[in-house]
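Engineer: Before I ask anything, here is the structure I am working with.
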Amino acid sequence: MGILESARSGKAAAGKKDLLNHLAGKRLTQRQAIKAKCFDCNGMGESRECDIDTCSLLPYSPYLMKNRVARAKNKAVSSRRVGP
């Protein structure tokens with residue numbers, strides 16, 4: 001089964017429509033592309049929560065619980081800081 005068939009048969013979740021549009025060759029906004037990748041990474045909607053702390057898209061994932069969003073954004077900002 002290819003990615004297109006997997007996406008079509010995946011559960012209804014954030015990013016499904018965006019991934020299908022991408023696979024159809026349509027242009028996506030930055031936010032739509034992030035949602036599409038998260039849908040793909042989360043097993044085509046099987047998992048409703050992102051737990052990959054090393055993912056660069058984690059602060060923007062539609063699969064984060066609200067209390068993890070602030071923590072993920074703070075972690076992303078602090079990892080960019082250079083200092084003593």
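Engineer: Of everything in segment 13-39, what is of a type in the set (G, A, S) and surrounded by 15 or more Cβ atoms within 10 Å (Cβ to Cβ)? Give them in sequence order.
Structural biologist: Once the filter is applied, which keeps residues that are of a type in the set (G, A, S) and surrounded by 15 or more Cβ atoms within 10 Å (Cβ to Cβ), segment 13-39 yields A13, A14, G15, A33, A36.
Engineer: Shifting gears a bit: Scan segment 6-37 for residues that are at pLDDT 90 or above and either assigned to a helix (DSSP H, G or I) or within 11 Å of Y63 (Cα to Cα) (or both) and report the count.
Structural biologist: Of the residues in that region, 16 qualify.
Engineer: Also: Restricting to segment 38-63, name every residue that is part of a helix (DSSP H, G or I) and under 20 Å from G2 (Cβ atoms).
Structural biologist: Initially, segment 38-63 is screened for residues part of a helix (DSSP H, G or I), giving 38-41, 58-60.
Matches in segment 38-63: C38, F39, D40, C41.
Engineer: Right, next: Do we find that G10 is of a type in the set (G, A, S) and crowded, with 18+ Cβ neighbours inside 10 Å in this structure?
Structural biologist: The answer is yes for G10.
The values are calculated or read from the model by the stated rules, or taken from the named source; none is laboratory data. The structure displayed is predicted, hence computed values, not measured ones. Note that each Cβ is placed from the backbone with ideal geometry, even for glycine, and that neighbours are counted across all protein chains shown.
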